[in-house]
Amino acid sequence: MNKAQKRTWLCLVISLAGISLGATAVTLIKIMQLDIANTNHHMTIRLLSLPTTIPLILMVILSWRLPTKRYDERDREIERKSMGYGIIGAFVFLGASVLVLGIMSPLGSMKIFFLSSLVYFAFFVSQIVSSVAALLQYGWREKGNE
């Protein structure tokens, strides 16, 4: 396993952690019926959103510790293809989630909190899709099925 594969596995694990922490925070905010506009709940919302920043910080550390400059041509080609799949996955996720939130909301309106959460989740969905696509490409290339 080369550095590019290790970076891809780490990115996948961090992204899955980001999705699960974010979903937990959104679920708790929804269950506790916290209103972002209410000044009494600002500290509770900040405490709930603090763990969701940890995966974002880990992604920055990952890009700093394992730079992509030392990859060979094959790794760059795999990363280029997988990033395209990740972008497509993020747009599909955004389209589907806005459609679902629009249908579930009265009069097709939704709170700004949900929109900002969608940006957070779309980033991690794109990282998950691109990581899975890259790992599949590494698996196929190691078996000789180009």
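Largest GNM mean-square fluctuation across Ser105, Ser82, Ser131, computed for the chain with C-alpha springs under 10 Å, falls on Ser105. The value of relative contact order for the stretch 3-142, using C-alpha pairs under 8 Å at least six residues apart, is 41 percent. From the list (i) 34, 18, 10; (ii) 23, 20, 13; (iii) 20, 18, 14, can you say which value of semi-axes √(5λ) of the Cα gyration tensor in Å was derived from the structure given? Step by step, semi-axes √(5λ) of the Cα gyration tensor in Å for this structure corresponds to label (i). Across Ile45, Ile14, Ile103, mean-square fluctuation computed from a Gaussian network of the chain (C-alpha pairs under 10 Å connected) peaks at Ile103. The count of lysine pairs in the chain that are at least 8 places apart or cross chains, and whose C-alpha atoms lie under 22 Å apart, stands at 9.
Read-outs throughout are calculated quantities, based only on the coordinates presented, and are distinct from any laboratory measurement. Source: prediction; values computed, not measured.
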